[in-house]
Amino acid sequence: MDFGYDTRTEELRARLLAFMDEHVLPAERVAEEQRAALASPWDTPAVVGELKAEARRQGLWNLFLPDARDGAGLTNLQYAPLAEITGRSPHLAPTAVNCAAPDTGNMEVLHQFGTEEQRKQWLEPLLAGEIRSAFAMTEPEVASSDATNITTHIRREGDEYVISGRKWYISGAMNPDCKVFIVMGKTDPDGADIRRQQSMVLVPRDTPGVEVRRAMRVYGYEDHSHGGHAEVVLDRVRVPVGNLVGEEGGGFAIAQARLGPGRIHHCMRLIGMAERAIELMCRRAVARTAFGKPLARQGVVQEWIADARVAVEQVRLLVLKTAWLMDTVGNKGAHTEIQAIKIATPRTVVGILDQAVQLHGAGGVSQDFPLAELWAAARTLRLADGPDEVHQRSLARRELKKYL
């Protein structure tokens, strides 16, 4: 692979960096202040709409989608450094450029597996940034790291599916702009093939029987800017059979297709989070004095900063290699690398953020710096899209298979 960015990527990087410096980073504090004055903490601050309008005006929109008709037409390798830049402000920048999870994964599902009617009803307004969406798979009663465990029932009755189940940590579901859930459940719970028991259906939020019960906190944060994480109960919810995504029994395969790009997108943004942490560390180190000299001259601080730089460069190269493989041999051909980055990147970034918190002292755990919230987000990604241990198990089995 070529380690240099091509001309188009460099041009988009320059524009996106300027957009971040001129619009997004100054808007972080504005968004907090506006949210405090909203009737509901889940409403969207006005500045977010302003950022989205400016991003569209500048052509910084739907960068994640490789289809040039609806997205920017970028490869994974081209998108990687752009997603990294948005990771510097993970609760604001991805939304501003319409590249925020879970909408990106849901748009990819609809783009790949949706019918023309489904695309018109849901994909088009998502691509336009007019609505938000949620992906409802995780359940509290079972170990959802094994997706075959899910218990939500999807039973066909005539021309309708009847859905009952309880989901939680459904990202974005608290946002009033979230208009549709992609719900994963079992249409054939007794089927011989446990990976053909599941299906996915589109459930409009306002369907009778859908209850967004409560917001789930993450390390004490409600994540207002992301749209929250909700517990959702589906009680005999009825939707037309035309709301089926793909085919009956295809839910597990669709989930795997969705999670591959989702995992690398998270890792791309995590690198941006680490870069912001290093910047904050350096600024703090040169501005503060302890025991008679600046922190920047303390040996332990120098070690933290040096180790952080080495670690970021390592995981960035692994992420870029993975993106290149996804572009050249497909997601299946990059399976090992996708799992490797999902294990390595969150761990690495959590470690860097932890040292950045330490360097900031009490300020590091306060609301005056973004570090505590960034740490919570990064630590959560050791669980999201499959915990470390699931990826380690699969990766180890693939390695051992060569010798058995």
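The values are calculated or read from the model by the stated rules, or taken from the named source; none is laboratory data. All values reported here derive from a predicted model rather than from experimental measurement. Quick reminder, even Gly has a Cβ in these numbers, built from the backbone with ideal geometry, and neighbours come from all protein chains shown.
Anything in the range 158-168 that is surrounded by 22 or more Cβ atoms within 10 Å (Cβ to Cβ) and either polar (S, T, N, Q) or assigned to a loop (DSSP other than H, G, I, E, B) (or both)? List them, or say none.
Correct list: empty.
Of the residues 372, 378, which single one is crowded, with 19+ Cβ neighbours inside 10 Å, under 21 Å from residue 101 (Cα atoms), of a type outside the set (S, T, N, Q) and under 16 Å from the mean Cα position of the chain (by Cα)?
378
How about the range 233-257: which of its residues are within 26 Å of the chain's Cα centre (by Cα) and assigned to a strand (DSSP E or B)?
233, 234, 244, 245
From the list 17, 65, exactly one residue is touching a helix residue (DSSP H, G or I) at 6+ places or on another chain (Cβ under 7 Å) and surrounded by 20 or more Cβ atoms within 10 Å (Cβ to Cβ). Which is it?
65
Within the range 354-367, does at least one residue satisfy the condition of being more than 29 Å from residue 257 (Cβ to Cβ) and outside any helix (DSSP H, G or I)?
Within the range 354-367 (the criterion being more than 29 Å from residue 257 (Cβ to Cβ) and outside any helix (DSSP H, G or I)), the answer is yes, since at least one residue qualifies.
Residues to consider are 286, 300; find the one that is part of a helix (DSSP H, G or I), more than 28 Å from residue 172 (Cβ to Cβ) and in contact with a strand residue (DSSP E or B) (Cβ under 9 Å, 6 or more places away or on another chain).
286
Name the residues in the range 33-50 that are free of Cβ contacts under 8 Å to residues at least 12 places away in the same chain and over 14 Å from residue 96 (Cβ atoms), would you?
33, 36, 37, 38, 39
Going by the conditions given, is residue 34 outside the structural domain of residue 327 (by TED's automatic domain parsing), surrounded by fewer than 19 Cβ atoms within 10 Å (Cβ to Cβ) and closer than 27 Å to residue 214 by Cβ?
Spelling it out, residue 34 is indeed outside the structural domain of residue 327 (by TED's automatic domain parsing), surrounded by fewer than 19 Cβ atoms within 10 Å (Cβ to Cβ) and closer than 27 Å to residue 214 by Cβ.
Between a residue in the range 316-343 that is part of a helix (DSSP H, G or I) and any residue that is basic (Lys, Arg), which pairs come within a Cβ distance under 6 Å, given they are 6 or more apart or on different chains?
Between residues of the range 316-343 that are part of a helix (DSSP H, G or I) and residues that are basic (Lys, Arg), the close pairs are 338/263; 342/263.
Among the residues of the range 78-103, write down those that are among the polar types (S, T, N, Q), buried (at least 23 other Cβ atoms within 10 Å of the Cβ) and at negative phi.
Hits for the range 78-103 are 86, 89, 95.
Going by the conditions given, is residue 155 more than 24 Å from residue 391 (Cβ to Cβ) and either modelled with pLDDT under 95 or surrounded by fewer than 17 Cβ atoms within 10 Å (Cβ to Cβ) (or both)?
It is true that residue 155 is more than 24 Å from residue 391 (Cβ to Cβ) and either modelled with pLDDT under 95 or surrounded by fewer than 17 Cβ atoms within 10 Å (Cβ to Cβ) (or both).
Of the residues 260, 272, which single one is part of a helix (DSSP H, G or I), in contact with a Ser or Thr (Cβ under 8 Å, 6 or more places away or on another chain) and either crowded, with 19+ Cβ neighbours inside 10 Å or not aliphatic (A, V, I, L, M) (or both)?
None of the other options fit; the residue is 272.
Does any residue of the range 37-48 turn out to be hydroxyl-bearing (Ser, Thr, Tyr), out of contact with any Asp or Glu (no Cβ under 7 Å at 6 or more places or on another chain) and closer than 22 Å to residue 176 by Cα?
So far as the range 37-48 goes, yes, one or more of its residues are hydroxyl-bearing (Ser, Thr, Tyr), out of contact with any Asp or Glu (no Cβ under 7 Å at 6 or more places or on another chain) and closer than 22 Å to residue 176 by Cα.
If you check 145, 199, 171, which single one turns out to be of a type in the set (S, T, N, Q), touching a Pro at 6+ places or on another chain (Cβ under 6 Å) and surrounded by 23 or more Cβ atoms within 10 Å (Cβ to Cβ)?
171
Test residue 128 against the stated conditions and say whether it is out of contact with any strand residue (DSSP E or B) (no Cβ under 8 Å at 6 or more places or on another chain), exposed (fewer than 15 other Cβ atoms within 10 Å of the Cβ), among the aliphatic types (A, V, I, L, M) and closer than 30 Å to residue 32 by Cα.
yes
State all residues of the range 169-198 that are in a loop (DSSP other than H, G, I, E, B) and within 26 Å of residue 48 (Cβ to Cβ); if no residue qualifies, say none.
172, 173, 174, 175, 176, 177
Looking at residue 103, is it of a type outside the set (A, V, I, L, M, F, W, C) and at pLDDT below 95?
So residue 103 fails the test.
Scan the range 139-152 and tell me whether some residue there is part of a strand (DSSP E or B) and touching a Lys or Arg at 6+ places or on another chain (Cβ under 7 Å).
There is no residue in the range 139-152 that is part of a strand (DSSP E or B) and touching a Lys or Arg at 6+ places or on another chain (Cβ under 7 Å).
Give the number of residues within the range 206-220 that are surrounded by fewer than 16 Cβ atoms within 10 Å (Cβ to Cβ) and either of a type outside the set (Ser, Thr, Tyr) or under 17 Å from residue 239 (Cβ atoms) (or both).
Adding up the residues that qualify gives 8.
Does residue 336 satisfy being touching a Leu at 6+ places or on another chain (Cβ under 7 Å) and closer than 20 Å to residue 278 by Cβ?
No, not satisfied.
Would you check which residues across the range 1-52 are basic (Lys, Arg) and within 14 Å of residue 81 (Cα to Cα) and list them?
Across the range 1-52, the qualifying residues are 8, 13, 15.
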